[in-house]
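Everything on this sheet refers to the single structure shown next.
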Amino acid sequence: MSKSSPSFTCTACGAAHKKWQGRCDACGAWNTIVEEAPLSAGPKSLGAKGRTIPLTDLATEEDPPPRASSGIDELDRVLGGGLVPASAILVGGDPGIGKSTLLLQAAASFARTGLKILYISGEEAAAQVRMRAQRLGLQDAPVGLGAETNLRDILTTLDAERPALAIIDSIQTMWLDTVEAAPGSVSQVRAAAHELVTFAKKRGVAVVLVGHVTKEGQIAGPRVVEHMVDTVLYFEGERGHQFRILRAVKNRFGPADEIGVFEMTGNGLAQVTNPSALFLSDRDRPAPGSAVFAGIEGTRPVLTEIQALVAPSTLGTPRRTVVGLDSGRLSTILAVLEARCGIPFTGLDVFLNVAGGLRVNEPAADLAVAAALLSAREDVAIPPDMVLFGEISLSGALRPVGQTENRLKEASKLGFQQATLPTGSKTAGGTDMRLREMPDLTAFVGEMFGAG
Ligand SMILES: [Zn+2]
């Protein structure tokens, strides 16, 4: 490695930089850029002749990959219908959110279906993992347990054992003796992930890499290996809440954005098969500032409550606090309400929250967000049996969104009796709900809250 060309890498997103700087241009994180030994540049020249690779045509029919079911439906769904052999899966999440619990339960569940499963812990001693297994009532599951961080030893073991699935907890604790950097550094994490993924493909062993999302810059985060793996799952949730969401952000073998919902209980994570009912709990009486959004998460409809609080501000720049939604989207909706409907939010603090700890990324949530904001501002409750959805354009027009029927069906199933949606939405007419179709935000404001 020549000293003349130092390399700087962001530990949060893996972006390479020519020089050190305080803030990463790629992801915006502060103090995450560290100097790294560059990865080996590979052989200097291709002196020896390679062999010719066999080529096929594009029309060749290929069977869908065979999948192994874990027996945990919420996990199988996020994987795209079960575990694909020889696939590499990254499971990221904040430390302490329950990744090890989830994966130990998954390991036990897979093992009970007859698959050979190895669980390699670099974080905890075998005794600690066993204690957790006992607490979760999993001690009888035939999981092979190892406590090791030396990747050379781990790969030798995997090669000898040839399990169907190896879980590596966590990738940040693994180290290769061929890389001159500390465990957890970008070079080590990348090299270790590369070795494991290559091994997975070559030997037909599926691997799960656990990656902790890190706040400080010394340890590389899971994003630096996202591009190497087939599937990227993030385990999300608020520490104080008992709900956890496993979300696929990338999946070569299934739909991305699919979610699995779990509840943290005394006996580990329990599946939540009806997330809508969960995210809508405690909705007995109508309250101003609350609107129910009929959303789609992955392939299934999920109803969530959007909560807003609007209060006079004592600050020069009023507060805009958002939990569970994109703050840029809130600014846009506030601007449209002001410019197109003449409803200003200047001098008012705005707090917006998605109940239950879910993160909503759909533009279809716009109308429910606007409804919650207006309801809070006017102190008028939205009928408690109403759901809303629709995208708001900058002109104030409401745009129809996909899967209208699925949204209505889920709402109807949960006892909702009316829906507000954009004019032109594709409904097959097969719903018993009362539909209020709105062409634009102004019409919506007029209908729901009087003329302004
Ligand atoms: Zn970055």
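The values are calculated or read from the model by the stated rules, or taken from the named source; none is laboratory data. In this text the structure is predicted, and so the values were computed from the model without any measurement. A quick note on method: Cβ atoms are made from the backbone with ideal geometry, for glycine too, and the neighbour counts reach across all protein chains shown. The area values use the complete protein model at the heavy-atom level, side chains included, leaving out ligands, DNA and RNA. Shrake-Rupley method; radii C 1.70, N 1.55, O 1.52, S 1.80 Å.
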Review point. How do 351, 449 stack up against each other in accessible area, from largest to smallest, with a 1.4 angstrom probe?
Key: 351, 449
Exercise for review: Please determine, in degrees from 0 to 90 and to the nearest 10, the orientation of helix 99-112 with respect to the longest principal axis defined by the Cα atoms of the chain, where the helix direction is its Cα long axis.
Suggested key: 70 degrees
Check your understanding: Hey, got a sec? Which trypsin sites (Lys or Arg not before Pro) in the range 244-352 land in a DSSP loop and have at most 16 other Cβ atoms within 10 Å?
Key -> 252, 283, 319
Check your understanding: Unpartnered cysteines of the chain (Cβ-Cβ under 4.7 Å counts as a partner)?
Key -> 341
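Percent of accessible area on the range 248-344 owned by carbon and sulfur, 1.4 Å probe?
Details: 2170 of 4460 Å².
Of all accessible area on the range 248-344, carbon and sulfur atoms account for 49 percent.
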Review point. Between 7, 397, 34, whose Cα lies farthest towards the positive end of the dipole of the chain when Lys and Arg beta carbons carry +1 and Asp and Glu beta carbons carry -1, centred on the Cα centre?
Key: 7
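Percent of accessible area on the range 73-131 owned by carbon and sulfur, 1.4 Å probe?
Numbers: 990 of 1850 Å².
Using a 1.4 Å probe with all protein chains present, the range 73-131 comes out at 53 percent carbon and sulfur.
How would you order 177-184, 53-60, 330-337 from highest to lowest mean count of nearby Cβ atoms within 10 Å? Spell out each step's value before the answer.
Working: 177-184: 14.8, 53-60: 5.2, 330-337: 18.5.
Highest-to-lowest ranking by the protection proxy: 330-337, 177-184, 53-60.
Do any trypsin sites (Lys or Arg not before Pro) in the range 392-452 lie in a DSSP loop with no more than 16 other beta carbon atoms within 10 Å, and if so, which? It would help to have the intermediate numbers written out before the result.
Details: sites: 407, 409, 413, 426, 434, 436; in loops: 426.
The qualifying sites are 426.
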Check your understanding: For labels at residue 31 and residue 150 in the simple 7 Å Cα→Cβ model, what's the distance in nm?
Key -> 3.5 nm
Revision key, fill the gap. For residue 202, the aspartates and glutamates lying under 19 Å Cα to Cα, once residues fewer than eight places off in the same chain are dropped, come out as 153, 159, 161, 230
Revision key, fill the gap. In deg cm²/dmol, rounded to the nearest 500, the helical mean residue ellipticity at 222 nm of the chain, built from -39500 (n - 2.57) for every DSSP H run of length 4 or more, is -7500 deg cm²/dmol
Practice item. Express in nm, to one decimal, how much length is gained between residue 249 and residue 265 on full extension, taking 0.36 nm for each residue of separation and deducting their alpha carbon distance. Key: 3.2 nm
Point to revise | Hits among lysines - C-alpha to C-alpha of residue 426 under 21 Å, sequence gap 8 or more where chains match | key: 409, 413
Check your understanding: Within the set 19/250; 19/99; 99/201; 201/250; 116/201; 99/250, which residue pairs have Cα atoms separated by over 29 Å?
Key -> 19/250; 19/99
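Nearest 20 debye, what's the magnitude of the dipole of the range 351-452 about its Cα centre given +1 on Lys and Arg Cβ and -1 on Asp and Glu Cβ? Intermediate results must be reported in sequence, preceding the final value.
Working: 9 positive and 12 negative charges, 45 e Å.
Its charge dipole is roughly 220 debye.
Any idea of the accessible area per residue across the chain, 1.4 Å probe, to the nearest Å²?
On the way: 21390 Å² over 452 residues.
Accessible area per residue, the chain: 47 Å².
Cβ under 12 Å from residue 77's Cβ, residue 77 left aside: what net charge do those residues give with Lys, Arg +1 and Asp, Glu -1?
Working: positive: 67, 247, 300; negative: 73, 74, 76, 257, 258, 297.
Here the count lands on -3.
Can you tell me the length gained on complete extension of the stretch residue 178 to residue 51, counting 0.36 nm per residue apart and subtracting the Cα distance?
42.9 nm is the gain from fully extending residue 178 to residue 51.
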